[in-house]
1. Would you point out the residue of the range 81-129, among those that are among the hydroxyl-bearing types (Ser, Thr, Tyr), assigned to a loop (DSSP other than H, G, I, E, B) and closer than 30 Å to Glu54 by Cβ, that is modelled with the lowest pLDDT?
2. In the range 61-71, is there at least one residue being within 10 Å of the chain's Cα centre (by Cα) and in contact (Cβ under 8 Å) with a residue 12 or more places away in the chain?
3. Return the residues of the range 43-59 that are of a type in the set (A, V, I, L, M) and assigned to a strand (DSSP E or B); say none if nothing qualifies.
4. Surrounded by fewer than 16 Cβ atoms within 10 Å (Cβ to Cβ) and among the aromatic types (Phe, Trp, Tyr): is that true of Tyr38 in this structure?
5. Pairs under 8 Å by beta carbon, first residue charged (D, E, K, R) in the range 38-51, partner not in a loop (DSSP other than H, G, I, E, B), six or more apart or different chains?
6. Here are Asp64, Asp55: which of them is of a type in the set (D, E, K, R), surrounded by 12 or more Cβ atoms within 10 Å (Cβ to Cβ) and modelled with pLDDT of 90 or more?
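The values are calculated or read from the model by the stated rules, or taken from the named source; none is laboratory data. Please read all numbers here as calculations on a predicted model, not as lab measurements. Positions of Cβ are backbone-derived with ideal geometry, glycine not excepted, and every protein chain shown enters the neighbour counts.
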Amino acid sequence: MKFKKILISFILIFALFSMVSCSELNSVEKDFNEYGYYLVNHSDEYEEIINEYEDLENIFGVYDEIDILVGHIFEFKNKRALEAILDEVETNSEGIITRDNLMFSPAGPNHFKVVSIFNGEDPDEVYKE
């Protein structure tokens, strides 16, 4: 009886963490959609990279309203997995990590706007022109 309660507790905790991880990417996607951007799952195109890093779940392209690729989002299983990969490849990713997601955006006219949206900030308030 006690074993069943412990097992059920672990299952519920695991399910809760799984939902939080999914909702984080959903939140990021919703923020991008609000400002006219959209995400496309490119995991099939980058299958070799995803297979190389077992904790990397998906790679998304971020596109603007005229279908120009303005960044990539790497979705990891959790924050610990993301940090381990960053340590392994010695990448400086300051300002482009949101929980279990990592984004790279090339320098360009929309770079700061894209980074602000990814970080959950209103780009119109952060970078007033």
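1. Ranking the qualifying residues of the range 81-129, first place goes to Ser93.
2. No, every residue in the range 61-71 fails to be within 10 Å of the chain's Cα centre (by Cα) and in contact (Cβ under 8 Å) with a residue 12 or more places away in the chain.
3. Those that are of a type in the set (A, V, I, L, M) and assigned to a strand (DSSP E or B): Leu56, Ile59.
4. Against the criterion (surrounded by fewer than 16 Cβ atoms within 10 Å (Cβ to Cβ) and among the aromatic types (Phe, Trp, Tyr)), Tyr38 qualifies.
5. Close Cβ pairs satisfying both conditions: Glu45/Ile59.
6. On inspection, the qualifying residue turns out to be Asp64.
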